[in-house]
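Accompanying notes for the structure given below.
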Amino acid sequence: MTEQIKVGLNKILIKLTHRKSERELTDLESDMAQLNIIAYKRVVQRKSYKEYDYQSFLSNKEVAVFKKESNKTMYIIYKGTDNFDNLITDMKLLINSIDKTFKKAQDEFKKVKKIFPKYKM
């Protein structure tokens, strides 16, 4: 699938999940769709996008971290359900059970916050 198709599909998904889907996407929503596409790439294929600097030292196969210096914000993109283990995690969250995957996500957040304490997350 080409990058343009992936970006287009993400934009459609964002519109479908937004309450006022007839409006145009904001620049931030479009950028987040693109960062999401980058997060699903293999780690060695990920790169920065526009003002969003990819933080490879904080990222791994499940998480992509980007820093935007102009607004002092860190963007942590967690890959969603893409395998059976992730599906089990989703099911546990439905019954208010927090498993190791969710705790790992919390740990990733804390790690980024510790290194960039003055940045918005």
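If R0 equals 25 Å, the separation of the Cβ atoms of residue 69 and residue 43 corresponds to a calculated FRET efficiency of about 0.65.
Once the Cβ-Cβ distance of residue 87 and residue 26 is raised to the sixth power relative to R0 = 25 Å, the FRET efficiency obtained is 0.20.
Each of residue 113 and residue 94 was given a label point 7 Å from its Cα along the Cα-to-Cβ line. The distance between the two points is 2.9 nm.
Let me have the relative contact order for the range 39-78, percent, based on Cα pairs under 8 Å that are six or more residues apart.
33 percent
Read-outs: derived from the displayed coordinates by stated rules, not from any lab. Keep in mind that what you see is a predicted model, and the values were worked out from it rather than measured. Heads up, the Cβs are rebuilt from the backbone with ideal geometry, glycines too, and the neighbour counts pull from every protein chain shown.
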